[in-house]
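Below: the structure, in structure tokens.
Nothing in this text is a laboratory measurement; each read-out follows from the coordinates by a stated rule. Keep in mind that this is a model prediction, so the values were computed, not measured. A quick note on method: Cβ atoms are made from the backbone with ideal geometry, for glycine too, and the neighbour counts reach across all protein chains shown.
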Protein chains: 2
Amino acid sequence: LPTFTPETRQALETLKEAPPVPGVLDVIRHRWSPRAYSDREVSSADLKKLFEAARWAASSNNEQPWRFLLGRRGDETYAKILNALAEFNQVWAKTAPVLALSVARKAFVSNGRANRFHLHDTGAATANLFLEAFALGLRSHAMGGFDPEKARASLAIPQEYEIGAVMAIGYLGDPNTLPDQLRQREESPRERKPLEEIVFSSWETPAQL
Amino acid sequence: LPTFTPETRQALETLKEAPPVPGVLDVIRHRWSPRAYSDREVSSADLKKLFEAARWAASSNNEQPWRFLLGRRGDETYAKILNALAEFNQVWAKTAPVLALSVARKAFVSNGRANRFHLHDTGAATANLFLEAFALGLRSHAMGGFDPEKARASLAIPQEYEIGAVMAIGYLGDPNTLPDQLRQREESPRERKPLEEIVFSSWETPAQL
């Protein structure tokens, strides 16, 4: 395997780019979700920018249902989040210096009615966070593979909140540190459905774009 | 009321900017959700970029649960989406040249198991779309105020999909065309909870950032 150098790193980042469509933001086209993180710590100033980006997302009725539990390597919250992860995620996520968990308030504060957009809007805030992270040179990876009730119990999250996603945040590390199967995924191009399969003029009829 | 000129438009856009935090992406800080849209049509080339941006969002297991129904003024899909909106949204949304509806596949295609991130990930794709729209000079506004079952019926959306959000897309229009109460909201600064209320080191203890 090639040594991880600035050159092989650049080759990996290039491999992960979405095919160019002129006018699409680079930060959207180039963002991906690595599994190998370096030892480098994330500064508080940069973490603040990530959540600042999340904060300005749109939400139904401006409810801002999102909350984030932030763990940094060595603290209790980090250990609890890591501990709730499925083993196949622990293997790699433990290399990230930051682990965070999103949760979403289920009901509107103003009237107590169910907010059916609580996870939708939390996903939007998380997308903002990820794009901001990428812009700062950070990398991030969200996971659904964890035990939400274990996280709820160990982190004392009230029932009024739905458990969202765990996210690993840090700087890109050496893919060679990953187990074989994960290394192969790390070094494979990103894939998405073609537009024809996701944008319709009427149900399952591709929109003319 | 002042006439809508390039100058008053710029003053409005400036009023809507989030307070600067150096390093936070302008597109995140400046994006907002207008209710007044101009007559100007949106090109197919630009619409394609919006959905291209949505397409590259992250999703649980790379499921990409998002689908979009795209309506353009004058077509049936537009009329059906508009018709499903609550009256308080119809009032202004009818000025937008594009109305789209997001829906989210409830189960993973591979194994039929429930995907609890279906709306979360659709929200993430929508956030990408909105940032891309803003970068192109377009504006957008998502709405939860509509009858999802009416939309499902008129647009023939299968039960396998959860109804997401309606989004208005177009170019910024004159706030003076809005009813008084909406005009006031159009001309008010955006507000968000402070970071201390959304980022915790342990539950409801603000993280030190």
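Does segment B:99-138 hold any residues that are outside any helix (DSSP H, G or I) and out of contact with any helix residue (DSSP H, G or I) (no Cβ under 7 Å at 6 or more places or on another chain), and which are they? Show your work before the answer.
Initially, segment B:99-138 is screened for residues outside any helix (DSSP H, G or I), giving B:99-117, B:136-138.
Answer for segment B:99-138, where residues must be outside any helix (DSSP H, G or I) and out of contact with any helix residue (DSSP H, G or I) (no Cβ under 7 Å at 6 or more places or on another chain): B:Ala100, B:Val103, B:Ala107, B:Val109, B:Ser110, B:Asn111, B:Gly112, B:Arg113, B:Ala114, B:Arg116, B:Gly137.
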What is the number of the single condition among (1) under 21 Å from B:Ala58 (Cα atoms); (2) in contact with a strand residue (DSSP E or B) (Cβ under 6 Å, 6 or more places away or on another chain); (3) hydrophobic (A, V, I, L, M, F, W, C) that A:Leu136 does not meet? (2)
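Here's the yes/no breakdown for (1) touching a residue at least 40 places away in the same chain (Cβ under 8 Å); (2) within 12 Å of chain A (Cβ to nearest Cβ); (3) of a type in the set (Asp, Glu):
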{"site": "B:Ile81", "(1), (2), (3)": "yes, yes, no"}
{"site": "B:Lys94", "(1), (2), (3)": "no, no, no"}
{"site": "B:Lys106", "(1), (2), (3)": "yes, no, no"}
{"site": "B:Ala125", "(1), (2), (3)": "yes, yes, no"}
{"site": "B:Ser140", "(1), (2), (3)": "yes, yes, no"}
Restrict the check to segment B:24-35 and report whether at least one residue is free of Cβ contacts under 8 Å to residues at least 24 places away in the same chain, surrounded by fewer than 23 Cβ atoms within 10 Å (Cβ to Cβ) and part of a helix (DSSP H, G or I). yes
Please state which of the following conditions A:Asp39 fails to meet, knowing it meets all the rest: (1) within 30 Å of B:Gly144 (Cβ to Cβ); (2) charged (D, E, K, R); (3) part of a loop (DSSP other than H, G, I, E, B). (1)
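Tally time: how many residues in segment A:57-112 are in contact with a Pro (Cβ under 6 Å, 6 or more places away or on another chain), closer than 30 Å to B:Phe146 by Cα and basic (Lys, Arg)?
Filtering segment A:57-112 down to residues in contact with a Pro (Cβ under 6 Å, 6 or more places away or on another chain) leaves A:73, A:104-105.
This time we only want the ones that are closer than 30 Å to B:Phe146 by Cα, so: A:104-105.
Okay, now just the ones that are also basic (Lys, Arg), so A:105.
Number satisfying all stated conditions: 1.
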The one condition in (1) free of Cβ contacts under 8 Å to residues at least 24 places away in the same chain; (2) more than 10 Å from chain B (Cβ to nearest Cβ) that A:Ser201 fails to fulfil: (2)
